[in-house]
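> Just passing along the structure, written as structure tokens.
The values are calculated or read from the model by the stated rules, or taken from the named source; none is laboratory data. In this text, all values refer to a predicted model and were calculated from it rather than measured experimentally. Here Cβ is always computed from backbone atoms with ideal geometry, including for glycine, and neighbour counts include all displayed protein chains.
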């Protein structure tokens, strides 16, 4: 039975796993079966006959499904579990990320995407060889593979652990099922299967959020009461213009740090770039990115509203303080089973939504790992292989990396909070990669020596601050957690020794200067620091090693033609009949 009576302002949490029924397992299994059938369908369609069809869908995809796939790939279980818990504990300031998404999409669509598209590459890291040399291409590929395997381990293991400890859902059973199903449909159906399962899984993710939001509104008597509770609890304070880089979340860390972090994903990460390159024209690739922006806003607003709903339910009886859940990532599944346990199948829908996020990310990662392996490590050294042989090798790589990612899942238990751990990894490793791409695209004098020096410098700086902050956590006056109360739990005989309200700040132990400053830098600035060090060192070394004397193919650089491309396309599309005689490359991609 549900433990929250209508109009109640506090919950009486019970053992949530008592509400998880056989029908919930059926709903979860149905999600896995549908995902597997999508892969079987595209295997039947014959995508494995040509490795280009297999890895980039023959460059025939249109914008809308790719847009949903882009959204689902990296707004996964990290968002379903991590973002509502973030809002519950720290407030809705996380929603300011919506602005950084705009900057990220515009820069990716107008600066990076046109260069990838006109080079007609399959691996993003092929650009590094064209711009610098083969060694930097191999270095970039290796860093991407390490980043992706680590991130995928977090995405597989952490949701499974959270759901296991709250619902009793089998931990390693769910981990193995996720990995096996992902590997199955990736191997059979290639990128087309990945994209269309992402569309299905995106729908499930949004359904899970909406179920929580609507049920909370019914319990609390409308959205007005939910927002009133959030306002009284300080959760609606979203504008903080403190310029200090030490404070975990401010307007500047979310906008500047968030933009750099997400550019490291959307701008140069193979998992995303591979989808742009699978679109049938550059116009459709840009359309996918801009439609993806709408998808990101929908997911972010749903996750933030779910966090505010969670606070409205538990504002007087915090299950985290009481020890009813062991980690913030477990709050969302606890809430679902607490308020939706009376509805057979609905908890299963939420679990399916969470694992849909996991599937979308893992499948994208496996497919991207297979692509860079074939394009960067196999084709350059085995040029006599046929298209069919390359396709079969790609399928084998999917199986291999599916197993590797499963093997890495256990390491995620050492990473701490799901949301911060995921974004920290992208900052530490993705920042230097983004830096050498930016050096090559924006600075004509950037050379291989500068790029390599910058890459090493940026990686060392990112690793230094990221590792230091992991072992020397920032004090509360840097992170600013908001108050959480247990005063209302006494109504249900669920009190601690004395009901209390947590404080957002308090006295902290004496720390050294480096601990209290360098290691307290916001985790969102990890990527910014790594990128800036990479570019600055790269510029200095390039200028001092003859970078101004080299000649660079203009196709590898950002120029005014990128800024004019949208105007020229629209002019050719909707201009005078005379102007339409010479259509643009988007209309004649071949």
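> Somewhere in segment 352-375, is a residue modelled with pLDDT of 80 or more and in a loop (DSSP other than H, G, I, E, B)?
For segment 352-375, residues modelled with pLDDT of 80 or more and in a loop (DSSP other than H, G, I, E, B): absent.
> Can I ask one more? Out of the residues in segment 247-280 that are within 12 Å of residue 524 (Cβ to Cβ) and either in contact with a strand residue (DSSP E or B) (Cβ under 6 Å, 6 or more places away or on another chain) or assigned to a loop (DSSP other than H, G, I, E, B) (or both), which is modelled with the lowest pLDDT? Before you say what the answer is, go through the steps one by one.
So in segment 247-280, the residues within 12 Å of residue 524 (Cβ to Cβ) come out as 247-262, 264.
Still in the list and also either in contact with a strand residue (DSSP E or B) (Cβ under 6 Å, 6 or more places away or on another chain) or assigned to a loop (DSSP other than H, G, I, E, B) (or both): 247-250.
On the way: 247: 81, 248: 78, 249: 82, 250: 86.
For segment 247-280, the residue satisfying everything is 248.
> Return a yes/no flag: does segment 139-150 have any residue that is more than 23 Å from the chain's Cα centre (by Cα) and either within 30 Å of residue 294 (Cβ to Cβ) or surrounded by fewer than 17 Cβ atoms within 10 Å (Cβ to Cβ) (or both).
Within segment 139-150, none of the residues are more than 23 Å from the chain's Cα centre (by Cα) and either within 30 Å of residue 294 (Cβ to Cβ) or surrounded by fewer than 17 Cβ atoms within 10 Å (Cβ to Cβ) (or both).
> Cβ-Cβ distance below 8 Å, separation of 6 or more or different chains: which pairs start in segment 98-120 with a residue that is on the phi > 0 side of the Ramachandran plot and end on one that is surrounded by fewer than 18 Cβ atoms within 10 Å (Cβ to Cβ) and part of a helix (DSSP H, G or I)?
none
> Now, a different point. Among (1) surrounded by fewer than 17 Cβ atoms within 10 Å (Cβ to Cβ); (2) under 27 Å from residue 356 (Cβ atoms), there is one condition residue 209 misses while meeting the rest; what is its number?
Exception for residue 209: condition (1).
> Evaluate the following for residue 30: is it crowded, with 22+ Cβ neighbours inside 10 Å and at pLDDT 65 or above?
Working: crowded, with 22+ Cβ neighbours inside 10 Å: no; at pLDDT 65 or above: yes.
The answer is no for residue 30.
> Across segment 376-387, which residue is farthest from the chain's Cα centre (by Cα) among those that are assigned to a helix (DSSP H, G or I) and surrounded by fewer than 24 Cβ atoms within 10 Å (Cβ to Cβ)? First the steps, then the outcome.
Our first condition is that a residue be assigned to a helix (DSSP H, G or I); within segment 376-387, this holds for 376-378, 387.
From what's left, surrounded by fewer than 24 Cβ atoms within 10 Å (Cβ to Cβ): 377-378, 387.
Details: 377: 26, 378: 28, 387: 32 Å.
Looking at residues that are assigned to a helix (DSSP H, G or I) and surrounded by fewer than 24 Cβ atoms within 10 Å (Cβ to Cβ), I get 387.
> Turning to a different aspect of this structure: With respect to the numbered conditions (1) over 18 Å from residue 83 (Cβ atoms); (2) not in a loop (DSSP other than H, G, I, E, B), which one is the sole condition not fulfilled by residue 329?
Among (1) over 18 Å from residue 83 (Cβ atoms); (2) not in a loop (DSSP other than H, G, I, E, B), residue 329 violates only (1).
For (1) crowded, with 20+ Cβ neighbours inside 10 Å; (2) modelled with pLDDT of 70 or more; (3) in contact with a helix residue (DSSP H, G or I) (Cβ under 9 Å, 6 or more places away or on another chain); (4) closer than 25 Å to residue 312 by Cα, each residue gets a yes or a no:
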site	(1), (2), (3), (4)
450	yes, yes, yes, no
469	yes, yes, yes, no
483	no, yes, no, yes
491	no, no, no, yes
511	no, no, yes, no
515	no, no, yes, no
522	yes, yes, yes, no
527	yes, yes, yes, no
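> Determine whether residue 308 is closer than 29 Å to residue 527 by Cβ, in contact (Cβ under 8 Å) with a residue 40 or more places away in the chain and touching a helix residue (DSSP H, G or I) at 6+ places or on another chain (Cβ under 7 Å).
Working: closer than 29 Å to residue 527 by Cβ: yes; in contact (Cβ under 8 Å) with a residue 40 or more places away in the chain: yes; touching a helix residue (DSSP H, G or I) at 6+ places or on another chain (Cβ under 7 Å): yes.
Spelling it out, residue 308 is indeed closer than 29 Å to residue 527 by Cβ, in contact (Cβ under 8 Å) with a residue 40 or more places away in the chain and touching a helix residue (DSSP H, G or I) at 6+ places or on another chain (Cβ under 7 Å).
> Go through 300, 324, 308, 320 for me and flag whichever is under 29 Å from residue 484 (Cβ atoms), modelled with pLDDT under 90 and in a helix (DSSP H, G or I). Even if it seems obvious, please write down each step before you answer.
Working: 300 fails: modelled with pLDDT under 90; 324 fails: in a helix (DSSP H, G or I); 308 fails: modelled with pLDDT under 90.
Going through 300, 324, 308, 320 in turn, the sole match is 320.
> Hey, can you tell me all the residues within segment 119-174 that are modelled with pLDDT of 75 or more and either touching a strand residue (DSSP E or B) at 6+ places or on another chain (Cβ under 8 Å) or not in a helix (DSSP H, G or I) (or both)?
Across segment 119-174, the qualifying residues are 120, 121, 122, 123, 124, 125, 132, 133.
> Additional query: Identify, please: which residue in segment 388-399 is surrounded by fewer than 16 Cβ atoms within 10 Å (Cβ to Cβ) and without any contact (Cβ under 8 Å) to a residue 60 or more places away in the chain and is, among those, farthest from residue 180 (Cα to Cα)?
389
> Given the structure, is residue 445 touching a helix residue (DSSP H, G or I) at 6+ places or on another chain (Cβ under 7 Å), outside any helix (DSSP H, G or I), more than 18 Å from residue 368 (Cα to Cα) and at pLDDT 80 or above?
Working: touching a helix residue (DSSP H, G or I) at 6+ places or on another chain (Cβ under 7 Å): yes; outside any helix (DSSP H, G or I): yes; more than 18 Å from residue 368 (Cα to Cα): yes; at pLDDT 80 or above: yes.
So residue 445 fits the description; yes.
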